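Down below is the structure, laid out as structure tokens.
Read-outs throughout are calculated quantities, based only on the coordinates presented, and are distinct from any laboratory measurement. Only a predicted model underlies this, so the values are computations on that prediction, with no experimental measurement involved. Ideal geometry is used to build each Cβ from the backbone, glycine not excepted, and the neighbour counts take in all protein chains shown.
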Amino acid sequence: MFFIGRALIVICTFYISSYIKLIRKYNNNNFNTIKKTPNIGKIEKVVIKDKKIKEFKKKLLNIKYFNYSFFYHNVRTLKIDRHESLSKYKVFIANYDPIKNVINITDEKSFPHELNHMSSSYYDGDDYSGLSQNSFGTGLNEGYTELLTERYFKSGESYPVEFKIASNLEQIVGREKMEQYYYTANLFELIEELKQYDTHENIMKFIGYIDIVTSLIDNYFKSRMFNAILKKSMKKINLYLLKWYTIKQKRLMENKNISLEQCYSNIYKYSKRLYNLKNMESTKYKVLTKKIIDKKIKEYL
Ligand SMILES: [Zn+2]
């Protein structure tokens with residue numbers, strides 16, 4: 001009995017402290033100042049010997065607006081640690097450490113994903129990485145890294161929910177700009193771009209909610225409390241996306257770039273992309289109903 005009692009106390013403390021940490025992280029995020037990414041100028045080309053990096057570099061030519069600065073800056077001193085012995089435990093697959101400029105890897109399939117992180121990261125005491133900064137925006141960054149890995153390197157199957165969110169955001173920002181912001185680690189400019197649709201505070205909240213989803217979605221100790229936060233965060237993310245997309249279409253219509261019918265048809269098509277999140281493996285939640293979507297579209301239009 002005594003043992004069970006102690007175990008219960010440990011579990012409760014774990015949940016409560018994780019919950020407090022999460023809320024604290026979320027609240028802090030909203031006051032984060034996002035810095036401009038330093039301009040490191042033109043970096044000299046580096047001769048690449050590693051076969052796999054060479055293959056990766058060849059495919060970079062397909063990315064119209066790829067910026068080679070961070071790629072050359074990091075590839076010069078990049079270390080690759082292959083931990084083959086760990087692979088049988090299937091726990092650790094790969095990561096990129098921007099501070100040490102090291103790719104740790106057990107599964108070679110993840111190599112293009114990690115090389116994308118390397119090509120979009122810069123560290124000078126602050127960690128600028130793709131669409132994240134000092135780990136704020138990690139969820140969005142992982143989703144978009146995976147999207148680019150699939151688009152240009154035909155591999156990857158991680159972060160399915162974040163992938164979908166990043167893809168829906170790209171529909172608003174545009175592929176060209178999103179890719180540019182990513183490869184220049186320019187979260188600052190992404191936020192500036194989104195300010196035509198919403199306040200700084202709301203944009204920060206949107207990015208913060210994706211971080212919350214990322215920290216909860218693979219939480220094996222699922223609980224009602226965590227699931228409720230996950231569901232609420234997904235709903236908020238989708239409502240921001242729907243709002244921004246609707247405003248964008250409304251402006252296109254007002255400027256006579258699209259007809260009224262086209263405007264409605266685009267918005268409803270887009271709202272179905274949000275709907276579909278419920279069908280994804282990791283989220284069994286219907287986060288938005290048709291009724292809410294219809295009501296919100298009327299409100300934003
Ligand atoms: Zn990653």
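Positive-end ranking of 61, 137, 182 along the dipole of region 37-186, with charges on Cβ about the Cα centre, is headed by 61. Working ranking of peptides 71-79, 142-150 by packing, defined as the average number of other Cβ atoms within 10 Å per residue, highest first, is 142-150, 71-79. Figure the gain on full extension for residue 227 and residue 264 (residue separation times 0.36 nm, minus the Cα-Cα span) and round it to one decimal in nm. Extra length available between residue 227 and residue 264 comes to 10.0 nm. Per residue, the Cα convex hull of region 37-186 amounts to 112 Å³. Extending 7 Å from Cα along the Cβ direction at residue 124 and again at residue 257 yields two label points whose distance is 3.4 nm. Computed from backbone phi with θ = phi - 60° and the Karplus coefficients 6.51, -1.76 and 1.60, the 3J(HN,Hα) list for region 59-64 is 6, 4, 4, 6, 8, 4 Hz; x is used for glycine and proline.
Pairs exceeding 30 Å between alpha-carbon atoms, taken from 248/291; 51/100; 100/232: 100/232. In this simple spin-label approximation, residue 63 and residue 273 carry label points 7 Å from Cα along the Cα→Cβ vector, and these lie 2.0 nm apart. Site pair residue 200 and residue 108 shows an inter-label distance of 4.8 nm when each label is modelled 7 Å from Cα along Cα→Cβ. With all projection directions averaged, the alpha carbon convex hull of region 152-223 covers 6.0 nm². Among 40, 297, 212, a tally of other beta-carbon atoms within 10 Å of each Cβ gives an order, fewest to most, of 40, 297, 212. Fully extending the segment from residue 290 to residue 82, taken as 0.36 nm per residue of separation minus the present Cα-Cα distance, adds 70.1 nm.
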